[in-house]
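Report on the structure given below.
The values are calculated or read from the model by the stated rules, or taken from the named source; none is laboratory data. This is a predicted model, so every value here is computed, not measured. Positions of Cβ are backbone-derived with ideal geometry, glycine not excepted, and every protein chain shown enters the neighbour counts. Each accessible area value is taken on the protein alone, full model and side chains, heavy atoms only, with ligands, DNA and RNA left out. Shrake-Rupley method; radii C 1.70, N 1.55, O 1.52, S 1.80 Å.
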Amino acid sequence: MELETERLILRRWRARDREPYAALTADPEVMQWLGGVLDKHESAEHMDRCDAHFDPWGYGRWVLERKADGAFLGYCGIANIWPGLPVEGAEIGWRLARHAWGQGYAAEAARAAIADGLGRCGLTEILAFTAETNLRSQAVMRRLALRRDPARDFDHPQLEPGDPLRRHIVYVAQEA
Ligand SMILES: CC(C)(COP(=O)(O)OP(=O)(O)OC[C@H]1O[C@@H](n2cnc3c(N)ncnc32)[C@H](O)[C@@H]1OP(=O)(O)O)[C@@H](O)C(=O)NCCC(=O)NCCS
């Protein structure tokens with residue numbers, strides 16, 4: 001199972017993604033919103049968890065591969081929300097290598113992943129949330145024309161008051 005957009009293939013994870021994903025998760029600029037950098041072992045574990053999610057659920061974090069040259073760009077896709085958070089259901093997330101920012105790849109991939117989630121996978125809604133300070137991620141949500149849902153905004157339970165990543169704001173994708 002794969003998804004395809006104009007410039008991208010969205011596919012499951014392969015052994016050859018291990019190295020470029022380790023480089024992505026070792027980049028402090030990419031990981032500043034995501035709890036900080038990962039070492040190689042943590043990165044490989046995360047990649048395995050991302051892939052394993054597809055088996056029971058049909059959706060997950062897809063690898064983004066550029067059609068033109070086969071480059072690994074990062075991931076985008078839907079995962080079930082961690083039960084420790086005060087919001088429920090499924091959420092879409094994106095994490096691109098720094099060299100792949102600023103080219104519209106996250107939004108292009110997210111459109112395909114959301115359509116697949118609401119269509120083939122039968123989800124009735126998909127949340128998107130991020131720290132109030134992560135303006136790049138919010139810009140993707142607005143580009144996708146997701147609906148802002150302030151009633152579901154929350155403080156991340158694992159972060160202390162005063163932490164700039166604590167307050168999270170929520171957007172929603174629903175079937176048209
Ligand atoms: C969040 C993140 C995925 C956003 O990536 P992005 O490349 O800015 O997002 P998009 O794919 O929507 O691209 C939009 C940009 O591409 C530009 N662009 C260039 N060519 C384009 C094209 N053909 N089509 C659309 N946009 C294009 C847009 O003008 C816009 O540029 P701007 O940032 O200068 O305004 C990326 O910054 C990232 O991985 N961050 C770290 C991880 C993270 O924070 N994840 C979210 C945690 S909740």
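Report whether or not Ile9 is of a type in the set (Val, Ile, Thr), away from the ligand (no atom under 14 Å from the Cβ) and not in a helix (DSSP H, G or I).
Judged against the criteria, Ile9 is a match.
Test Gly74 against the criterion of being crowded, with 20+ Cβ neighbours inside 10 Å and under 25 Å from Leu38 (Cβ atoms), and give yes or no.
Numbers: crowded, with 20+ Cβ neighbours inside 10 Å: yes; under 25 Å from Leu38 (Cβ atoms): yes.
So Gly74 fits the description; yes.
Is it the case, given these coordinates, that Pro86 is away from the ligand (no atom under 11 Å from the Cβ), more than 15 Å from Thr5 (Cβ to Cβ) and in a helix (DSSP H, G or I)?
Taking the combined requirement at face value, the residue does not satisfy it.
Of the residues in region 93-123, how many are out of contact with any strand residue (DSSP E or B) (no Cβ under 7 Å at 6 or more places or on another chain), more than 11 Å from the ligand (Cβ to nearest atom) and not in a helix (DSSP H, G or I)?
Within region 93-123, residues that are out of contact with any strand residue (DSSP E or B) (no Cβ under 7 Å at 6 or more places or on another chain), more than 11 Å from the ligand (Cβ to nearest atom) and not in a helix (DSSP H, G or I) number 4.
Pick from region 151-176 the residues that are in a loop (DSSP other than H, G, I, E, B) and within 26 Å of Ala113 (Cα to Cα): which of them is most open to solvent (accessible area, probe 1.4 Å)? Break it down stepwise before answering.
Taking region 151-176 and keeping what is in a loop (DSSP other than H, G, I, E, B), we get 153, 156-166, 175-176.
Narrowing further to those that are within 26 Å of Ala113 (Cα to Cα): 153, 156, 165, 175-176.
Numbers: Asp153: 31, His156: 32, Leu165: 37, Glu175: 120, Ala176: 147 Å².
Of everything passing the filter in region 151-176, Ala176 is most open to solvent (accessible area, probe 1.4 Å).
Looking at region 124-137, which of its residues are open to solvent by 30 Å² or more (accessible area, probe 1.4 Å) and either touching an Asp or Glu at 6+ places or on another chain (Cβ under 9 Å) or not in a loop (DSSP other than H, G, I, E, B) (or both)?
Hits for region 124-137 are Thr124, Glu125, Phe129, Glu132, Leu135, Arg136.
Can you tell me which residue in region 99-110 is surrounded by the fewest Cβ atoms within 10 Å (Cβ to Cβ), limited to those that are within 17 Å of Val172 (Cα to Cα) and touching a helix residue (DSSP H, G or I) at 6+ places or on another chain (Cβ under 9 Å)?
Ala107
So Lys40 clears everything in (1) touching a helix residue (DSSP H, G or I) at 6+ places or on another chain (Cβ under 9 Å); (2) within 22 Å of Leu8 (Cβ to Cβ) except one condition, right? Which one?
Of everything listed in (1) touching a helix residue (DSSP H, G or I) at 6+ places or on another chain (Cβ under 9 Å); (2) within 22 Å of Leu8 (Cβ to Cβ), Lys40 misses just condition (2).
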